[in-house]
1. So which residues in the stretch 103-116 are assigned to a helix (DSSP H, G or I) and within 22 Å of the chain's Cα centre (by Cα), if there are any at all?
2. Return a yes/no flag: does the stretch 92-102 have any residue that is in a helix (DSSP H, G or I), among the aliphatic types (A, V, I, L, M) and closer than 17 Å to Ala163 by Cβ.
3. Give me the residue from the stretch 137-160 that is among the charged types (D, E, K, R) and open to solvent by less than 60 Å² (accessible area, probe 1.4 Å) and, out of that set, modelled with the highest pLDDT.
4. Can you pull out the residues in the stretch 74-96 that are open to solvent by less than 10 Å² (accessible area, probe 1.4 Å) and farther than 15 Å from Leu150 by Cβ?
5. Could you tell me which residue of the stretch 47-68 is farthest from Arg100 (Cα to Cα), considering only residues that are open to solvent by less than 50 Å² (accessible area, probe 1.4 Å) and part of a loop (DSSP other than H, G, I, E, B)?
6. Search the stretch 161-177 for residues being without any contact (Cβ under 8 Å) to a residue 40 or more places away in the chain and open to solvent by 50 Å² or more (accessible area, probe 1.4 Å), and hand back the single one that is nearest to Val73 (Cα to Cα).
7. Would a scan of the stretch 163-176 turn up a residue that is among the polar types (S, T, N, Q), part of a helix (DSSP H, G or I) and in contact with a helix residue (DSSP H, G or I) (Cβ under 7 Å, 6 or more places away or on another chain)?
8. Is the stretch 117-136 home to any residue that is modelled with pLDDT under 95, over 21 Å from the mean Cα position of the chain (by Cα) and either in a helix (DSSP H, G or I) or among the acidic types (Asp, Glu) (or both)?
Amino acid sequence: MRGLSLLGLLLWGLSLAQASILYLPLDDRPPNWGPCAWERVACPPREVYRGPEGADLAALRAWLLASPGEKLVASLDALAYGGLLQSRHLALRAEDALARLGPLLSWKVRYGGELLLFGVVPRWDATQRQRNLAVLEALASWPGLPGVYLEAVWDDALRNSPAPREARAFPYPSRPGADEAGQVLLLRALRPGLKVAVVYEDEALAERVTPYEGIPLRDTVMGLLQSALAQRVSLEEGPDLVLYVYGGRNPRKATHDLLRLMPRFPVALADLSRVNRGDPGLMAYLVGLGLYPRLASYASWGTPANNLGSALAQGGLFLKDPEGRLRRLAEAYFAYWWGEVGRPSVRARFPEPLPVEAQEVAALWPYLELEGYRVDLEDLRFPWERSFEAEARLGLTTLSLEFGGRARPTW
């Protein structure tokens, strides 16, 4: 383990993990680790997560048992296997994996907090699929314990994948997704009962079986709302948030819809036009008309469930936090830009594992303005040494700086 001894982790937990909500991410890729920088939750030290190598499980358990809290949002796969990638291929008996989950119940007994847990039904190419399914099946009694919520999310279900059927066989909730699951359960922990209206670009989208999900889109949406403990309402009932579902059919019509909705409601925009990439046509309208900075949230970085869950969670968590909302929009725009410009550029020039020179792609970062601030890409890293994900350090500078304003802090 780099940099922190076991004693150091215990002291870290005692001194810094006094927040009411604890969060134990699936791994340290940006969608999973991102909430640790949102100033809403206490997380393990970053050093505990070690990229593709997986989490240091002894350090993770030590942090958990030293950290009191009212609620704990936790990934089962992180504690049992070290992360999502490790869960697919790590040779480990089901009995041993279950034993590694014991500290969750110990934490609950010790501190009396509520457990909000998620486990992943593995995708088609996982060599340890049956072991993982056996572990999830063995947890069937956990949701019957007071103060324990457990759900299964299925990962990348291609056509004819058994994952949706397998997940529905568990006696607890299930839905598509994986990398957004922590964000959605944080919304459940921090703002349960959020009133959400769902608006589709085209009502026919609701019946579409979307890539990597294996079920109609309307079922994915309902599963996410249930995970977040959100209440679906109509526009006439006055929602706290509108979740706008864009399928990529008509960016101009979608823009007209947003112009109609945004003066009345906060709007979270989930761009499902392409997997792992957004629609440049829609983004051109959003930026050109000044709509993007006014959104409650935006997501286009992943699968449909990833984008829906991220938009819903961030839109709900930052409704009353204008600065936090802008920060999340800046991050979401970076993720859009990475899918459209950064990732293709890096893949065209560099093999993996990526060399340091791949960071030169940051020179392509465009001018972006958010409500009077310029967003600067100050640093770019590849913690997993591959192009699929990139970690950005973004800075906000007020455009009135030359008239005596001050630069915003880097975040």
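The values are calculated or read from the model by the stated rules, or taken from the named source; none is laboratory data. For clarity, every value in this text was computed on a predicted model and none was experimentally measured. A quick note on method: Cβ atoms are made from the backbone with ideal geometry, for glycine too, and the neighbour counts reach across all protein chains shown. The accessibility values were calculated without ligands, DNA or RNA, using every heavy atom of the protein model including side chains. Shrake-Rupley method; radii C 1.70, N 1.55, O 1.52, S 1.80 Å.
1. Passing the criteria: only Leu104.
2. No; the residues of the stretch 92-102 include none that is in a helix (DSSP H, G or I), among the aliphatic types (A, V, I, L, M) and closer than 17 Å to Ala163 by Cβ.
3. Here the answer is Glu151.
4. Gly82, Gly83, Leu84, Ser87
5. Among those residues, the one meeting the criterion is Pro68.
6. Pro171
7. No, the stretch 163-176 contains no residue that is among the polar types (S, T, N, Q), part of a helix (DSSP H, G or I) and in contact with a helix residue (DSSP H, G or I) (Cβ under 7 Å, 6 or more places away or on another chain).
8. Checking the stretch 117-136: at least one residue is modelled with pLDDT under 95, over 21 Å from the mean Cα position of the chain (by Cα) and either in a helix (DSSP H, G or I) or among the acidic types (Asp, Glu) (or both).
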